[in-house]
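Data first, discussion second: the structure below is written as structure tokens.
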Amino acid sequence: MPDRVKAFMANPNNPLTTRARAMGLTMKFDRQLVPSTRRAHQAAEWSRTKGAFDAFHHGLLERYWVRGEDLHDFAVLRAAATDAGLDGGELQAEVESGTWVPMMQAGLDAARELGVHAVPTFIVGNQFVIEGAQDGKVFAHAFEKLGFAPRSKTPGP
């Protein structure tokens, strides 16, 4: 991992950590290695066919950001599958079979074709590309530019 990334992640006042803390979220940044997420992406595609994508995806995000677990580790993927009501052994067999590589690669290729270089990336109204975990003001600005008025925070009549 580059030194600048390590320094950013170690700074308790970096914008990402500060926003998470303000929202009551915990983010674990003590990793020395950013894991390959190829297995996790393949497993997520498999979970989609089982109707459990949302639960599985949520489990992966929690394991990575909150617990600091390695998403390349099959034990982590199997546990996330089990928590989502799926068979962890079946997940591992499916990923090891290579069946999901073409679907994962197609998604990566499509993202690259759209100019996506960061995770997460949001395409708003087919006009704005918002890369990375941005402050809500960035999204509000994009929606305002698209002609959507911000909602009032006070209840109506």
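No lab work stands behind these numbers, since they all come straight from the coordinates. As the structure is a prediction and not an experimental result, all values here were calculated from the model. Note that we place each Cβ from the backbone using ideal geometry, even for glycine, and neighbour counts take in every protein chain shown.
Projecting the Cα atoms of ALA79, PHE122, SER97 onto the dipole axis of the chain, where Lys and Arg carry +1 and Asp and Glu carry -1 at the beta carbon, places PHE122 farthest toward the positive end.
Taking other Cβ atoms within 10 Å as a rough exposure proxy, HIS141, HIS117, HIS41 sort from fewest to most as HIS117, HIS141, HIS41.
Taking a ≥ b ≥ c as the square roots of the eigenvalues of the Cα gyration tensor, the stretch 33-119 is oblate, since a/c reaches 1.5 or more and a/b is not larger than b/c.
Phi-derived couplings, Karplus 6.51 cos²θ - 1.76 cosθ + 1.60 at θ = phi - 60°, listed residue by residue for the stretch 96-105: 5, 6, x, 4, 9, 4, x, 5, 4, 5 Hz, with x used for Gly and Pro. Residue order for MET103, MET23, MET9, fewest other beta carbons within 10 angstrom first, comes to MET23, MET103, MET9. Translational diffusion of the chain, estimated by Stokes-Einstein from the Kirkwood radius over alpha carbon pairs at 4 °C in a medium of 1.567 mPa s, is 72 µm² per second.
Here the sum of -39500 (n - 2.57) over DSSP H runs of 4 or more residues, divided by the residues of the chain, equals -15000 deg cm²/dmol at 222 nm, to the nearest 500. Each Lys and Arg contributes +1 and each Asp and Glu -1, all at the Cβ; summed about the Cα centre of the chain, the dipole is approximately 680 debye.
With a cut-off of 13 Å between beta carbons, the residues surrounding VAL101 carry a summed charge of -2, where Lys and Arg count +1 and Asp and Glu -1. Residue by residue, the stretch 12-17 carries 3J(HN,Hα) couplings of x, 10, 5, x, 5, 5 Hz when phi is fed to the Karplus relation 6.51 cos²θ - 1.76 cosθ + 1.60 (θ = phi - 60°); x denotes Gly or Pro. For the stretch 35-48, 3J(HN,Hα) computed residue by residue from phi via the Karplus equation (6.51, -1.76, 1.60; θ = phi - 60°) reads x, 5, 9, 4, 4, 5, 5, 5, 5, 5, 5, 4, 4, 4 Hz, glycine and proline entered as x.
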